Amino acid sequence: MKNIILSGFVLSLVGCMNMPTQPSQITGSYTSGLRYEGFSCDQLATEINSLARRENQLVIAQEQRIKTSKVQAAWWGYGQGDGVEASELANVKGEKEAVRHAIESKGCRI
């Protein structure tokens, strides 16, 4: 009985290996705000809306990767890990922060 419990515990730990990161735990990578210095308030509003749409798409893609990884982990004992979605999501979050900073520094009302 002890061996069965120990085996179940080990399998549950192995099943958690290489699982993708939750989208909420992915932080934005540094992006310089110099790119947005020459943007007008309207251009900044358009840019932040575009980045928000892309962020939503990437969150959905990362959540789908998590679901797929859970199935894979149940069958093979390991997940898919993070892919391009996670790194692109970090970049988009960083760009959104740079745009927000540019909006604040220009005093735009968006």
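The values are calculated or read from the model by the stated rules, or taken from the named source; none is laboratory data. Every value quoted in this text rests on a predicted model; they were computed, and no experiment measured them. Quick reminder, even Gly has a Cβ in these numbers, built from the backbone with ideal geometry, and neighbours come from all protein chains shown.
How about region 27-64: which of its residues are part of a helix (DSSP H, G or I) and touching an Asp or Glu at 6+ places or on another chain (Cβ under 6 Å)?
Leu51, Leu58, Ala61, Gln62
Among the residues of region 71-92, are any surrounded by fewer than 16 Cβ atoms within 10 Å (Cβ to Cβ), in a helix (DSSP H, G or I), modelled with pLDDT of 90 or more and under 18 Å from the mean Cα position of the chain (by Cα)?
Within region 71-92, one or more residues are surrounded by fewer than 16 Cβ atoms within 10 Å (Cβ to Cβ), in a helix (DSSP H, G or I), modelled with pLDDT of 90 or more and under 18 Å from the mean Cα position of the chain (by Cα).
Which condition number does Gln62 fail, the rest of (1) under 15 Å from the mean Cα position of the chain (by Cα); (2) closer than 30 Å to Lys106 by Cβ; (3) among the polar types (S, T, N, Q) being met?
(2)
Sort out which residues of region 41-70 are among the polar types (S, T, N, Q) and modelled with pLDDT of 95 or more, and write them in order of number.
Matches in region 41-70: Gln43, Thr46, Asn49, Ser50, Asn56, Gln57.
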